[in-house]
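Computed from the coordinates by the stated procedures, all read-outs in this text should not be read as laboratory data. Being a predicted model, the structure only gives us computed values, none of them experimental. Glycine also receives a Cβ, built like all others from the backbone with ideal geometry; neighbour counts cover every protein chain displayed.
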Amino acid sequence: EAQVTQNPRYLITVTGKKLTVTCSQNMNHEYMSWYRQDPGLGLRQIYYSMNVEVTDKGDVPEGYKVSRKEKRNFPLILESPSPNQTSLYFCASSPKQGGNQPQHFGDGTRLSIL
Amino acid sequence: AQSVSQHNHHVILSEAASLELGCNYSYGGTVNLFWYVQYPGQHLQLLLKYFSGDPLVKGIKGFEAEFIKSKFSFNLRKPSVQWSDTAEYFCAVRDGGYQKVTFGIGTKLQVIP
């Protein structure tokens, strides 16, 4: 089954404790992206990746890091989480083929930073 | 920089009423336009997309959208809503070059039986 898998689904942690949210897709997609969803702000793109070893900043990259060492994986790293990073996070992927391909979304990761 | 505006943040309709959700974007180059739906507690799913050709596109569950280039708009419509359409709807723009994606802030639709 084609899917985007995020882990963990829920996490409560404390300020400053490094954490990683994993994202894996089984569709051989070149393009992957991370979003955060906040009430009244919709989805905002954090980082995206056009292919292995190619990453670019989205609209809200501050406080986040990503890596793309393999095609299927695109982890989101919070080196020193802060309460303003409490949010619902979605990973998405799509084929590269120009911009006309819709994205497939994971089920989301709800992070609470205390 | 590209941006997306969704004008209606919260819409309440009775079943069988017609729906139109506004979406305007700003971007000077080639764009690809999408509407996604997010049912409560779920991830986003594609409703429909436009990238070229017929400006009137049809999607799943009876939804359609019309791309009007001169107005930079991509409004979503449905002639008769159902209670099961209660969800949040997001318009998104993806530029043809850099593939950066920008979402609108979403419109919460509540359909009353």
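Quick notes on this one:
- Least to most buried among B:Asp54, A:Asp56, B:Asp95 (fewest other Cβ within 10 Å first): B:Asp54, A:Asp56, B:Asp95
- Estimated FRET transfer efficiency (A:Lys65, B:Ile60; beta-carbon r; R0 41 Å; 0.05): 0.70
- Within straight-line cross-link reach of B:Lys69, aspartates and glutamates at Cα separation under 16 Å, skipping those fewer than 8 residues along the same chain: B:Asp54, B:Asp95
- Members of A:Lys71/B:Lys49; A:Lys18/A:Lys57; A:Lys69/A:Lys96; A:Lys65/B:Lys71; A:Lys17/B:Lys100; A:Lys57/B:Lys58 lying beyond 28 Å, as alpha-carbon distances in this model show: A:Lys65/B:Lys71; A:Lys17/B:Lys100; A:Lys57/B:Lys58
- Going from the residue with the fewest nearby Cβ atoms within 10 Å to the one with the most, B:Tyr89, B:Tyr27 rank B:Tyr27, B:Tyr89.
- For the residues A:Pro75, A:Pro39, A:Pro83, a GNM of chain A with alpha-carbon springs under 10 Å puts the largest fluctuation on A:Pro39.
- For the range A:1-94, the residue among A:Tyr47, A:Leu88, A:Gly16 whose Cα projects farthest onto the positive side of the dipole built from Cβ charges is A:Gly16.
- Site pair A:Asn73 and B:Ile12 shows an inter-label distance of 4.8 nm when each label is modelled 7 Å from Cα along Cα→Cβ.
- Residue with peak Gaussian network fluctuation, chain B [Cα springs, cutoff 10 Å], from B:Ser14, B:Ser52, B:Ser70: B:Ser70
- Given charges at beta-carbon only (K, R positive; D, E negative), |dipole| of the protein assembly as shown in Debye: 360
- Dipole magnitude (debye, nearest 20) for chain B, charges at Cβ of Lys, Arg, Asp, Glu: 200
- A full extension of the chain between B:Ile112 and B:Trp83 corresponds to an added length of 9.8 nm, given 0.36 nm per residue minus the alpha carbon distance.
- Length-normalised contact order for the range B:1-63 - Cα pairs under 8 Å, 6+ apart - percent: 24
- Note on chain A: with a GNM built from Cα contacts shorter than 10 Å, the maximum mean-square fluctuation among A:Gln101, A:Gln85, A:Gln37 falls on A:Gln101.
- Model label sites at B:Ile68 and B:Gln45, defined 7 Å from Cα along the beta-carbon direction, differ in position by 3.0 nm.
- Peptide A:106-113 - average C-beta neighbours from other chains (10 Å radius): 1
- Efficiency of FRET from Cβ geometry, A:Gln3 and A:Met50, R₀ 30 Å, rounded to 0.05: 0.90
- Placing unit charges on the Cβ atoms only, positive for Lys and Arg and negative for Asp and Glu, gives chain A a dipole magnitude near 200 debye about its Cα centre.
- Residue order, fewest to most beta carbons within 10 Å, for A:Cys23, B:Cys91: A:Cys23, B:Cys91
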